[in-house]
Amino acid sequence: MTVLERAPELGEVGAGISIWPRAWRILGDLGVADRLADGVRPAIQAGLRRPDGRWLAKVGPGAADRIPVMVHRARLHEALVDALVARDGVEVRTGVKVGGLADLDTLPGEPADLVVAADGIRSTIRHELHQRDDVRYAGYTAYRGVTAEPVPGEASTTGGETWGSGLRFGWAPLVDGRTYWFVSANRPAGEVGGDHHADVTALVGDWHDPIPQLLAATPPSAVIRGDISDLRLPLKRFDHGRVVLLGDAAHATTPNLGQGACAAIEDAAVLAAQLDGHARIADALVAYDRIRRPATQRLVRASRLVGALGQVENGALLKARDAGLAGLGAVAGLLSR
Ligand SMILES: Cc1cc2nc3c(=O)[nH]c(=O)nc-3n(C[C@H](O)[C@H](O)[C@H](O)COP(=O)(O)OP(=O)(O)OC[C@H]3O[C@@H](n4cnc5c(N)ncnc54)[C@H](O)[C@@H]3O)c2cc1C
């Protein structure tokens, strides 16, 4: 198998990532999970709060088989590379930008039997196959950070989200003891530059504990920012002859349910199982499409809805939202999903 990656070298951004139980089990089967955590996960009190700290809904501490494992992205990436790339003798060619399907025919060696296009939300291959500009800006940007060291107290025993007006803060302890946090803020698309740490401090620095402590424990250079987008319209199919779309290329979602990468991991597991179970690759791809398209497109819709609720900014709507959430025991279910 050959992996073509446009980046000059393999690596990941400095942020945390939630890995939900189904994806965690797949990583377990691949021998990756053991490299990330020793099985002990912090039992935390999570939930949804207002900026002054009052709880709208409390969840947990949840059962281990229902809560995500929180890891640093760089660790996940390293573990995947160590466990899979090295062990299976996969050839990884970095610094290779695929401009379109025709490029693949110019590579040395036999033409590929199967092309898996896992080239992200702005997928070149999806664009070539579907011929449309289909990335939608969600209306909010995300800042992300990880504390340099574990922060004692509430920062390591609690987690969840705090919803303000057009503004959210979320945090969760990572398995290595540090804490991952994010801020999502309504903003015009494409703002660049600036001091991200100063921005988030101005936005949420006076919110309830442990938010100020988490910001103080995060070096300014460790804060990253990116606009949030998803696919405007669901694709009609993921398979196209010998080519198949996987991960964000097929179903990029807003991160409100923290499951985009998990969905990509599940895609890969289902694709592998279907390839094992079918004599013809084309039949396996059709089966993969049938299994994964509905599930992932539901995820995109649900995540978009949570984002719309979380980013409400209008005064009357905001009051109605908070009153609704406070009265809604179902929030516990929503968050634990
Ligand atoms: C703020 C934020 C928080 C998130 N939090 C979570 C979370 O907690 N849990 C979770 O499960 N998911 C989360 N996600 C979603 C997750 O990051 C994505 O769903 C996941 O990265 C998708 O993986 P992918 O491999 O499909 O695409 P990508 O990660 O985008 O990888 C695509 C790769 O293809 C390469 N590439 C692109 N074009 C070309 C080309 N033409 N030629 C060669 N190489 C190319 C890129 O360089 C890149 O390495 C979050 C996303 C955001 C934005």
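Whose amide H sits under 5 Å from the amide H of A117, counting only residues 5 or more places off or on another chain, with H placed in the peptide plane?
V244, L245, L246
Suppose only helical runs count, i.e. DSSP H with n ≥ 4. What mean residue ellipticity at 222 nm does that imply for the chain under -39500 (n - 2.57) per run, divided by all residues and rounded to the nearest 500 deg cm²/dmol?
Only helices count here, giving -10500 deg cm²/dmol.
Would you kindly state how much longer the chain becomes between V96 and R242 on full extension, computed as 0.36 nm times their sequence separation minus their alpha carbon distance, in nm to one decimal?
Taking V96 through R242 to full extension adds about 50.5 nm, to one decimal.
Excluding ligands, DNA and RNA, what is the solvent-accessible area per residue of the chain at a probe of 1.4 Å, expressed in Å²?
49 Å²
With a point put 7 Å past each Cα toward its Cβ, work out how far L10 is from Y137 in nm, to one decimal.
Using points 7 Å along Cα→Cβ, the separation is 3.4 nm.
Along the positive direction of the dipole of segment 194-337 (beta-carbon charges: Lys, Arg +1; Asp, Glu -1; about the Cα centre), which of G310, W207, A250 reaches farthest?
Farthest towards the positive pole: A250.
Probe radius 1.4 Å, ligands and nucleic acids ignored: give me the carbon and sulfur share of the accessible area of the chain as a rounded percent.
The computed percentage sits at 55.
What is the extension gain from R54 to K319, computed as 0.36 nm multiplied by their sequence separation minus the C-alpha to C-alpha distance, in nm to one decimal?
Once the chain is fully extended between R54 and K319, it gains 94.0 nm.
Just reorder K58, K236 by solvent-accessible area, largest first, 1.4 Å probe, all chains present.
Output order, biggest surface exposure first: K236, K58.
Express in Å², to the nearest 10, the accessible area of V270 obtained by rolling a 1.4 Å probe over the protein heavy atoms while all chains stay in place.
For V270, the solvent-accessible surface is approximately 30 Å².
Add +1 for every Lys or Arg and -1 for every Asp or Glu among the other residues with Cβ under 10 Å from the Cβ of R144, and state the total.
Local net charge: +2.
Could you tell me the accessible area of S221 in Å² (1.4 Å probe, neighbours in place), rounded to the nearest ten?
Counting only protein heavy atoms, S221 exposes about 110 Å² to solvent.
Just subtract the alpha-carbon distance of A74 and D105 from 0.36 nm times their residue separation and send over the number in nm, one decimal.
7.9 nm
For A222 and A86, FRET efficiency with R0 = 45 Å and r from the beta-carbon atoms, rounded to 0.05?
The calculated FRET efficiency here is 0.95.
In whole Å, what is the distance between the alpha-carbon centres of segment 233-310 and segment 119-196?
21 Å
The values are calculated or read from the model by the stated rules, or taken from the named source; none is laboratory data. Predicted model, so just to flag it, every value in this text is computed and none were measured. Cβ sites come from the backbone with ideal geometry, for glycine too, and all protein chains shown count toward neighbours. Calculation scope for accessible area: heavy atoms of the full protein, side chains included, ligands and nucleic acids excluded. Shrake-Rupley method; radii C 1.70, N 1.55, O 1.52, S 1.80 Å.
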